[in-house]
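This report concerns only the one structure given below.
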Amino acid sequence: MGDFILKSPMRGWVAPLDEVDDPVFASRMLGDGLAIDPTGPEVRAPCAAQVVSIHAAGHAVSLRATNGAEILIHVGLETVGLGGEGFRRHVSDGQRVEAGELLISVDLDLLAARAKSLISPIVITNGDEFAIVRRRDNRRAEIGDEIMTIRGAASPGEAAPGEIATASRQVVVPLAHGLHARPSALIAAEAKRHRADITLAASGRTANAKSPVAIMALGLGSQESALLTASGPDAAAAVAALADLIERRLPPEPVSAPATPAATRTEPLSAAPVVGVLNGTSAAPGLAIGSAVRLIAAQPTVIEQSQGAEAEILALGLALDTVRARLTAQAGSGPREQREIVQAHLAFLDDEDLMAAADAAIGGGASAGVAWRQAVGAQVDILRQIEDRHIAQRADDLDELEREVLIALSGEGENRQVLPDNAIILADELGPGQLMGLEGNLAGVCLAGGGPTSHVAILAAAMNIPAVVAFGPRLASVPDGATLILDGALGQLRVAPDAAEIEAAQTQLAARQSHHQESLARAAEPCRMADGTRIEVFANIGSRADADQALANGAEGCGLLRTEFLFLERIEAPTEDEQAECYQAIASAFAGRPVVVRTLDIGGDKPAPFLDLPREENPALGLRGVRVSLWRPEYLRQQLRAILRVRPQGQCRILIPMVSSIAELSEVRAMVEAARAEVGHDEAVQVGVMVETPAAAITADLLGADADFLSIGTNDLTQYVLAMDRGDPQMASRVDALHPAVLRMIAATTRGAKAHARPVTVCGGLAADASAAAILIGLGVTELSAPPGILPEIKAAVRPLTMASCEALAARALDCGSAAEVRALLAAGNVEGGSA
């Protein structure tokens, strides 16, 4: 690449950067260049370029020249604090300009009176790619005079001199909760791998794609679209990679049915201590009895006076490193949810926009603490205005990070509160970091604010701590030390209960604990009903670690091995050997017990990066489950061979997902037989189908003629029967598998299977509801498969039952008019021959 000339954007005296009275520029932290002490009111383009960004205050503009050089023109020192006064912008972000085109008009008289200095640095910010080979400083210049010559080398794939590579593409967000913290962090991480400047734009707003906070601030919800644009050397590759990530490779977010929220109380704060029941919103289930402990986060001291830009930038960097180290340590322990939340917080600390805003404020004369508070506060204000509650609640995470960094800056250290035994903490707000940092015996969490999808709610559930949020201002009237009963499932807090209420709660809590211990003690016993009927209880697992937990909780086999854990979030599919090794390890752990291996179930809400799945208007009704396997049969053939290599032969059974026709079953069976011959598998292989569609349920008698067993996936079956998306937060609470329509589909399945003496398993979410076991057994289900942790309770629920009582209960359930009526029937608990 040849030499490239930059012309003076202003009229005035050209000086070396060393004469700039600001260590950020003088020490070339932002890049090498020159400075101009202006004598004219105009700032014009020093070359043909594209406007990367022009600051909202109008005091600074970043340009990208046609050769890729990035140029920052900063008018005056400490001028950001003028808030735009004295500046008029004539261009906008993304605009192409010619050399000499007017960028900014400046009121020099105002700046001379109110700014630290008029001297204006002009620096090359990507100096690792370009060198200044000639400078014309210590002289007077007119607009258009040559001031610098720069030289750089083009890299493979860069745009040719004279043009700037650009690319764009419309993308649609598939995630149920939109682009909140974790997906935003993943997008920013991918964007940072590319040299191009990348933006996401929607609804008139534009975000830097390398900033997770800026991405969240767009407020993009599920199925909303945005324009992805890149400009720079690898623009096309950047857009392709990010579009693929957003639309196909972002890991799906689990969506749980939220409890019906109680209305947040907004009455004035009462001076008298509150007594009685307060209603909030359930965030994490469980029952707790304890004492009120008010948690008041100490407010860090913020030093207002700057010690100079260089010292303040250093101080902020050290504080960020302190918080980053603590978070990294927390990421290595605790449940999966804790690790994911910590990773999102780490991404915030590395956010380009936050750091740029803080650095700009420091450059304008602010201290590190003031700069950090301003930078975070601006983003918090944006997030709190977003209607999507999942994204708006991430403002709480930023608030917490603001506080933690300020504490590190102050040098005061975190004043940890040691909790007494059975403490139920009360707070206006609580961050996940504060929750993870509490020491002592925590029994429950009550918050005046917050929401059921906040990170602290997710973390409390993962830690098995009852939590209720959104109590409102009345929570402040609960006296410290008051006796409390917290019911996380109901979203209720009973304040100062009487002796009878405490005794009833203690009895209930003791009964739950005793029941759990008794259930666990008998978990290893085979499950039989009171009349001797055998009901097998299997486990749903997705890893070797799950297998160990399942066996410890009495699993009689694996009713569903989700093989997606080997495939998701991978650029390439696992090899046959890798799969065979994993399946063998799990089968060996079960020591001869049955292991039902579901073939790859992707598509819909479970994308796989290595598969270029076509974009679909409605993925839930498109390529899913077996349809994907038959569309790309090479992956299914490889997986079948890996399954059939497991020894002993016959331990592994094969389960086909999302079957809706006999033809699909026949085609897979033929592939199984071919794989048997290829790997030398002599014994017959049991092949079953998942009943997840009304079509499969209604034709179960036809499928049963060829399938060796049927397994009902109630999660998908429910959403297809009720025509309600289980990933839609507005619908989630209404997607109930105990709806009579769903129960009738289950009954149709068992009738069809019975015609061929085929066993029927329920492996979906309904199998994990111990209270529903009686109805399922009464409908003809012979096996239940659920998550490992609930297996002891399921066995305990089944043992007192008789087949006659279950069949009678099921018949009554089929005649109910709603899921609520069915649940009321179960709540009555009068199942002849035992309690349901």
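The values are calculated or read from the model by the stated rules, or taken from the named source; none is laboratory data. In this text, all values refer to a predicted model and were calculated from it rather than measured experimentally. Quick reminder, even Gly has a Cβ in these numbers, built from the backbone with ideal geometry, and neighbours come from all protein chains shown. Note: accessible area is taken over every heavy atom of the protein model, side chains too, but ligands, DNA and RNA are not part of it. Shrake-Rupley method; radii C 1.70, N 1.55, O 1.52, S 1.80 Å.
Amide H to amide H distances under 5 Å link Leu419 with Glu439, Gly440, Asn441, where only residues 5 or more positions off or on other chains count and H is placed in the peptide plane. Other residues lying with their Cβ under 15 Å from the Cβ of His90 contribute a combined charge of -1, Lys and Arg counting +1, Asp and Glu -1. With the simple spin-label model, which puts each label point 7 Å out from Cα in the Cβ direction, the Ala804 to Gln307 separation comes to 8.5 nm. Per-residue Karplus couplings for region 6-16, computed as 6.51 cos²θ - 1.76 cosθ + 1.60 with θ equal to phi - 60°, are listed in order as 9, 9, 5, x, 9, 8, x, 8, 8, 10, x Hz, Gly and Pro entered as x. Over the Cα atoms of region 7-52, Rg to Rh with Kirkwood Rh, two decimal places? Ratio of gyration radius to Kirkwood radius for region 7-52: 1.00. Cross-link reach is defined here as a Cα-Cα straight distance under 25 Å, omitting same-chain residues fewer than 8 places apart; for Lys754 the lysines meeting it are Lys795.
Note on Lys210: lysines with a C-alpha under 26 Å away, same-chain residues under 8 apart excluded, are Lys192, Lys606. Across region 50-66, in residue order, what do the Karplus-derived ³J(HN,Hα) couplings come to in whole Hz, using 6.51 cos²θ - 1.76 cosθ + 1.60 with θ = phi - 60° and x for Gly and Pro? Values, residue by residue: 10, 6, 6, 7, 10, 4, 4, 7, x, 8, 8, 9, 10, 10, 10, 6, 5 Hz. The GluC sites (Glu not before Pro) of region 659-711 that DSSP puts in a loop, and whose beta carbon has at most 14 other beta carbons within 10 Å, are Glu683.
Give the shape of region 741-836 as rounded, prolate or oblate, defined through the alpha-carbon gyration tensor: a ≥ b ≥ c are the square roots of its eigenvalues, a/c under 1.5 means rounded, and otherwise the shape is prolate if a/b is larger than b/c and oblate if not. Rounded, since a/c falls under 1.5.
The 3J(HN,Hα) values that the Karplus relation (6.51, -1.76, 1.60; θ = phi - 60°) gives for region 231-240 are, in residue order, 9, x, x, 10, 4, 5, 5, 5, 5, 4 Hz. Gly and Pro appear as x. Using a probe of 1.4 angstrom and keeping all protein chains present, the accessible surface of region 17-126 works out to 37 square angstrom per residue.
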